Amino acid sequence: MHRNSVLKGVLLVGIGATSYGMLATFVKMAYGEGFTTAEVTVSQFVYGIVGMLIINALQKIKKGNDVIKPSPKNILQLMLAGTSLGLTSVFYYLTIKYIPVSIAIILLMQTVWMGVLFEMFLEKKRPSIQKIISVITVLTGTALATDLIENSAQLNWSGIFWGLLSAASFTTTMITANKVALGISSTQRSLHMLIGGTIIVFIYTFVTQTTPFNYDVFIKWGILLALFGTIIPPLLFNIGFPFTGIGLGSIVSALELPVSVLMAYFILNEKVNAIQWFGIALIILAIMIMNIDYKRFRKL
């Protein structure tokens, strides 16, 4: 029974990670049709909120009074935490605008070492040898996966800048999401974080959208982006992670990286050489090193 639960969790987390991995290619295709970063993000977040409202309503019907209502303080905390979610989408989609998807996803994966850095400064914790090895591995993998030596003159440094900002913002999202309003359901937490993220996206749109907003994006791309970016992955992660545990779940969620690169390779015809694939493998290895419980293995 336990084994079946773990397999169920692995399957759910794997599908969620695969969904995230497809997202960047869809955004790149939307750019190809002339839609702006603001239009793409607004359509995704608006449909995301609609989807989460429906899911929360269904949960309320099913559980009735058993659903714990968030306090005004909880809602405010989640909305503030959600601002980094909105910034992550804006920064990541700007990254995709300037550089290939296969490199953008690698920059987003810099959350591995950024998370260690945040933990060191915020919690005054010295990183373990295990985490130091992971950081060295992911940085080596990044240099290879972006083909830094060969492409240094060709890489768009605006894209690199936005990519690193997206990783920093995503790291902030992960840290705050695991510490804020844990007493209420994951669907309610997701909804209020999405509202906070949407406020950021609307502010970004107001500041940057210089042409009339093209509402066709809601018909052509909005639902697809919301499903693969803001509805399916969080739900499946929230259901699957309790079965897998954080360590195994984090390893399985690394599927996002190869899926994103493969989508870019086959659909967008982006070139990925053998050295880059080796770098991608190193980044996945770093995530595994970071999350494997070696003490548990010693007891077996």
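Summary table
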quantity: Test: residue in the stretch 85-106 that is buried (at least 23 other Cβ atoms within 10 Å of the Cβ), over 30 Å from Thr210 (Cα atoms) and among the β-branched types (Val, Ile, Thr); calculated: yes
quantity: Qualifying residue in the stretch 178-188 (condition: within 17 Å of Thr83 (Cα to Cα), of a type in the set (Val, Ile, Thr) and outside any helix (DSSP H, G or I)); calculated: yes
quantity: Residue among Thr171, Thr187, Thr176 that alone is open to solvent by less than 60 Å² (accessible area, probe 1.4 Å), touching a Gly at 6+ places or on another chain (Cβ under 6 Å), closer than 30 Å to Ile68 by Cβ and β-branched (Val, Ile, Thr); calculated: Thr171
quantity: Meets criteria (of a type in the set (Gly, Ala, Ser), surrounded by fewer than 17 Cβ atoms within 10 Å (Cβ to Cβ) and at pLDDT below 90) for Gly9; calculated: no
quantity: Residue check for Asn291: at pLDDT below 85 and under 21 Å from Gln44 (Cβ atoms); calculated: no
quantity: Residue in the stretch 201-214 that is closer than 22 Å to Ser19 by Cα, open to solvent by less than 40 Å² (accessible area, probe 1.4 Å) and assigned to a helix (DSSP H, G or I) present; calculated: yes
quantity: Test: residue in the stretch 248-270 that is open to solvent by less than 60 Å² (accessible area, probe 1.4 Å) and aromatic (Phe, Trp, Tyr); calculated: no
quantity: Given (1) within 14 Å of the chain's Cα centre (by Cα); (2) farther than 19 Å from Thr36 by Cβ; (3) among the hydrophobic types (A, V, I, L, M, F, W, C), number of the condition Leu225 does not satisfy; calculated: (2)
quantity: Where a residue in the stretch 213-242 is more than 21 Å from Ala30 (Cβ to Cβ) and its partner, wherever it lies, is among the hydrophobic types (A, V, I, L, M, F, W, C), with Cβ under 7 Å and at least six apart; calculated: Leu236/Leu12; Leu236/Val13; Leu236/Ile15; Phe237/Val13; Ile239/Leu12; Gly240/Leu12; Gly240/Val13; Phe241/Val13
quantity: Some residue of the stretch 51-70 being under 23 Å from Asn269 (Cα atoms), open to solvent by 30 Å² or more (accessible area, probe 1.4 Å) and at pLDDT 85 or above; calculated: no
quantity: Residue in the stretch 76-92 that is hydrophobic (A, V, I, L, M, F, W, C) and over 25 Å from Gly229 (Cα atoms) present; calculated: no
quantity: Any hit, the stretch 122-142, residues being open to solvent by less than 50 Å² (accessible area, probe 1.4 Å), hydrophobic (A, V, I, L, M, F, W, C), part of a helix (DSSP H, G or I) and in contact with a Pro (Cβ under 9 Å, 6 or more places away or on another chain); calculated: yes
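The values are calculated or read from the model by the stated rules, or taken from the named source; none is laboratory data. All figures in this text were calculated on a predicted structure; none of them were measured in a lab. Every residue, glycine as well, gets a Cβ built from its backbone with ideal geometry; the counts of neighbours run over all protein chains shown. Remember, those area values only see protein heavy atoms, side chains included, never the ligands or the DNA or RNA. Shrake-Rupley method; radii C 1.70, N 1.55, O 1.52, S 1.80 Å.
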